[in-house]
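Novice: Okay, handing you the structure first.
The values are calculated or read from the model by the stated rules, or taken from the named source; none is laboratory data. Since this is a predicted model, take the numbers as computed values, not measurements. Using ideal geometry, Cβ is built from the backbone for each residue, glycine included, and neighbour counts are taken over all protein chains shown.
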Amino acid sequence: MKAVVALVCLLAAQALSLPTQEQDVPLDPIVEKTDPCDERDCGPGRECEVEDGRAVCVCMHSCLDEEDELQVCSSTNLTFSSSCDLHRQKCLCEKRMSGCEDPHHATLRLDYYGECKEQEFCDDWELEEFPKRMAHWFYLVLDEMAKGDSLNAAVKRKFEAPRGDAERLAFPVIWQFCELDTSHNNLIEANEIEDLTAMLKTQEKCTTPFLRSCDRNDDGRISLREWGKCLGLDEAEVEERCEEFLA
């Protein structure tokens, strides 16, 4: 009898565990397919394509032809219709693909914005004075942003706090370093140096030799300490404050 009761209980338990017409049958969760390229940054002149489910960076097939696109001058003194065209050409030549116009283009760099033209020579005395002018320019940029409410409240408050002349210029110098360090690794990388050079070279003929002199260990990157020393800051004035500025 006990065996029969046990069997009935077992069958009842199994029956209760089965879905009935009135019970909701759980559905498999819907898994949204994500594009592997969403998290992939291929850099200038390249684009992402999905191959066998993987994100792969390839040279751009073409660049958009926009009327307001600026011409650029390369490190080889060749004018390109846009920075996209320059970096696409570099990519094609790096990979030795069809469309590469000259194998030497594999080492192309963006030198400055605008059509190529003969550059004036930077004299030694001008290079010596350049850091002071550049530090002052950084101050003016930050001051203009503070007046236009383009800074976050914490940075604006600290920038406007009373301080001596030396400290007054140190703050914008470190802030500009953090702005240039788009990879957030406490270094201004070669491509980030390129961006600054491209913006300033036509206005400041000493830009390239100045930035080259900042890279004291010649590793193609500028550390915060190299940047501060190059722009005339004392050792004690060089502080890592990028997290504070980006907050």
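Novice: Can you tell me which residue among Lys132, Lys95 is closer than 26 Å to Cys230 by Cα and among the basic types (Lys, Arg)? First the steps, then the outcome.
Specialist: Working: Lys95 fails: closer than 26 Å to Cys230 by Cα.
Matching residue, one of Lys132, Lys95: Lys132.
Novice: Also, quick follow-up: Residues to consider are Thr197, Thr182; find the one that is within 26 Å of the chain's Cα centre (by Cα) and part of a helix (DSSP H, G or I).
Specialist: Numbers: Thr182 fails: part of a helix (DSSP H, G or I).
Thr197 is the lone residue from the list that is within 26 Å of the chain's Cα centre (by Cα) and part of a helix (DSSP H, G or I).
Novice: Of the residues in the range 102-124, how many are closer than 21 Å to Cys84 by Cβ and of a type outside the set (A, V, I, L, M, F, W, C)?
Specialist: Within the range 102-124, residues that are closer than 21 Å to Cys84 by Cβ and of a type outside the set (A, V, I, L, M, F, W, C) number 11.
Novice: Okay, moving on. Filter the range 41-93 for residues that are assigned to a loop (DSSP other than H, G, I, E, B), charged (D, E, K, R) and within 23 Å of Gln119 (Cα to Cα) and give the result.
Specialist: The first filter runs over the range 41-93 and keeps only residues assigned to a loop (DSSP other than H, G, I, E, B), leaving 41-45, 52-53, 60-71, 75-78, 81-82.
Now restrict to residues that are charged (D, E, K, R): 41, 52, 65-69.
Hit for the range 41-93 is Glu69, nothing else.
Novice: Which condition breaks for Tyr112 when tested against (1) in contact with a Ser or Thr (Cβ under 7 Å, 6 or more places away or on another chain); (2) assigned to a loop (DSSP other than H, G, I, E, B); (3) surrounded by 14 or more Cβ atoms within 10 Å (Cβ to Cβ)?
Specialist: (2) is the only condition that Tyr112 fails.
Novice: Name the pairs: first residue in the range 191-203 and not assigned by TED's automatic domain parsing to the domain that holds Val72, second residue surrounded by fewer than 19 Cβ atoms within 10 Å (Cβ to Cβ) and among the acidic types (Asp, Glu), Cβ to Cβ under 9 Å, at least 6 apart or on different chains?
Specialist: Ile193/Asp215
Novice: Restricting attention to the range 128-141, does a residue exist that is within 24 Å of Asp234 (Cα to Cα), of a type outside the set (Asp, Glu) and in a loop (DSSP other than H, G, I, E, B)? Please lay out each step first, then the result.
Specialist: First, pick out the residues of the range 128-141 that are within 24 Å of Asp234 (Cα to Cα): 128-141.
Still in the running and of a type outside the set (Asp, Glu): 130-141.
Adding the requirement that they be in a loop (DSSP other than H, G, I, E, B) leaves none.
No, there is no match, as no residue in the range 128-141 is within 24 Å of Asp234 (Cα to Cα), of a type outside the set (Asp, Glu) and in a loop (DSSP other than H, G, I, E, B).
Novice: Determine whether the range 218-234 contains at least one residue that is more than 17 Å from Cys178 (Cβ to Cβ), at pLDDT 85 or above and aromatic (Phe, Trp, Tyr).
Specialist: no
Novice: Among the residues of the range 130-160 satisfying the criterion of being hydrophobic (A, V, I, L, M, F, W, C) and surrounded by fewer than 12 Cβ atoms within 10 Å (Cβ to Cβ), which is modelled with the highest pLDDT? If you could, list the steps in order and put the result at the bottom.
Specialist: Taking the range 130-160 as the starting set, the residues that turn out to be hydrophobic (A, V, I, L, M, F, W, C) are 130, 134-135, 137-138, 140-142, 145-146, 151, 153-155, 159.
After this cut, where a residue has to be surrounded by fewer than 12 Cβ atoms within 10 Å (Cβ to Cβ) as well, the list is 140, 153-154.
Details: Leu140: 90, Ala153: 80, Ala154: 78.
Per the criteria, the residue is Leu140.
Novice: While we're here: Return the residues of the range 193-226 that are in contact with a strand residue (DSSP E or B) (Cβ under 7 Å, 6 or more places away or on another chain) and more than 15 Å from Leu110 (Cα to Cα); say none if nothing qualifies.
Specialist: Correct list: Cys214, Asp215, Arg221, Ile222, Ser223.
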